[in-house]
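Participant: Below: one structure in structure tokens.
None of the figures in this text is laboratory data; all of them are computed from the coordinates on show. Because the structure is predicted, anything quoted here is derived from the model rather than measured. Cβ placement follows ideal geometry from the backbone for every residue including glycine, while neighbour counts extend to all protein chains displayed.
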Amino acid sequence: MSGLIYECTHLCALVQVLACSVWHVIDFQHVGKDYPDGTQAVRDVDLHLEPGTCTVLVGSSGSGKTTLLRMINRLVDPTRGKVKVWDKDVAGLDPVKLRRDIGYVMQGSGLLPHRTVLQNVETVPLLRGESRTESRRRALLQLERVGLDAAAAARYPAQLSGGQQQRVGVARALAADPDILLMDEPFGAVDPLVRAELQRQLHELQLELKKTIVFVTHDMDEALALGDRVVVLRAGGEIVQDATPAELVAAPADDFVREFLGMDGGRRELHVQPGPAGDVVVDRYGRPLGLLGQSNLLGKNNLDASA
Ligand code: ADP
Ligand code: MG
């Protein structure tokens, strides 16, 4: 009996240790970036991203979002500090291999115009050494995931709508089945209705695939809808606030965040209200959007369904 208690005690201790040590997939350690012309794009960013979560970097144009994102796959190297991916300093990793292992959806779809949609998507698995058959199978699967059929796969990018092109960009990033997905304003070039649909689809994909996503946008609504965590940046690449969407709405760090949230003009009119299970964030119509302090609310509650 005492042996059993001894075993249980040790097991509990082990579980506690595992639970306490949250592992970070991406670590920015006091990172800064000055471009050769003297522009300070990123000042001193210390950010640690957990696996399977979606972190949104939000800020106005020029606040260093793209620079920060591109430091993860070494499209940009920091001038100060260190970026670690999978616990390894990226400065010591082969940039080409790193980029093949990390999904990247860039600003604009970035598709090759003279290649069909299918060819665009199968490029990454082919580069990673998969056979043509396997690469094609994966490409078609990812295209189907984002709602594109075989007919769309046979077309050239220019023969698709803006929204469809963005979907292809997402499918291409997913084709190598990466653990990490970097998305730079991926839905920026489409109209609001298509954008809402693409956001909904990404949210569903994330529920299924549980990738570590770093998503860049200048749109606070998009940030609140998609992020488990929202990091607000201001000009000069400085973090103003790092919080869950509910925390951000309940307690904006300063006037800059408040203005960005659109709370000053009363546009958003989100507020916090006590509920039976804790504080609830509600919109201007009194619709509950989520529980305060819990990982993402707006997206997981599906705004569309409550509208
Ligand atoms: P965001 O994505 O938030 O719009 P960026 O990271 O693209 O911001 O840019 C941050 C700042 O760095 C801006 O002032 C931009 O003009 C500057 N910048 C970006 N890339 C370069 C570059 N290659 N050379 C010089 N300055 C740059
Ligand atoms: Mg940018």
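Participant: Based on alpha-carbon centroids, what's the gap between the range 72-94 and the range 230-247 in Å, whole number please?
Facilitator: Measuring centre to centre over Cα atoms gives 22 Å.
Participant: On to the next question. Tell me, what is a quarter of the convex hull surface for the C-alpha atoms of the range 23-150, in nm² with one decimal?
Facilitator: 9.7
Participant: Right, next: For a Förster distance of 41 Å, can you work out the FRET efficiency between the beta-carbons of D179 and A251, rounded to the nearest 0.05?
Facilitator: FRET efficiency, D179 to A251: 0.80.
Participant: Once you put a point 7 Å from the Cα of Y35 and another 7 Å from the Cα of A151, both along the Cβ direction, what distance in nm separates them?
Facilitator: 4.4
Participant: Strictly over 23 Å apart at the Cα level, which of K65/K211; K33/K88; K33/K210 would you flag in this model?
Facilitator: K33/K210
Participant: Follow-up question, since we're still on this one. Quick one: 3J(HN,Hα) in Hz for the range 73-84, Karplus 6.51/-1.76/1.60 with θ = phi - 60°, rounded, Gly and Pro as x.
Facilitator: Taking θ as phi minus 60°, the curve returns 10, 6, 6, 9, 9, x, 9, 9, x, 9, 10, 10 Hz for the range 73-84.
Participant: Could you give the length gained by full extension between T133 and H114, i.e. 0.36 nm per residue of separation minus their alpha carbon distance, to one decimal place?
Facilitator: Stretched fully, the T133-H114 segment lengthens by 4.7 nm.
Participant: While we're here: I'd like the FRET efficiency for Q107 and K82, computed as 1/(1 + (r/R0)^6) with the beta carbon distance as r and R0 of 35 Å, rounded to 0.05.
Facilitator: 0.85
Participant: Using a 10 Å cut-off around each Cβ, can you sort L49, L68, L209 from fewest to most neighbouring Cβ atoms?
Facilitator: L209, L49, L68
Participant: For a test of the definition: using alpha carbon positions, the gyration tensor, and the 1.5 limit on a/c, classify the range 96-235 as rounded, prolate or oblate.
Facilitator: Verdict is prolate for the range 96-235.
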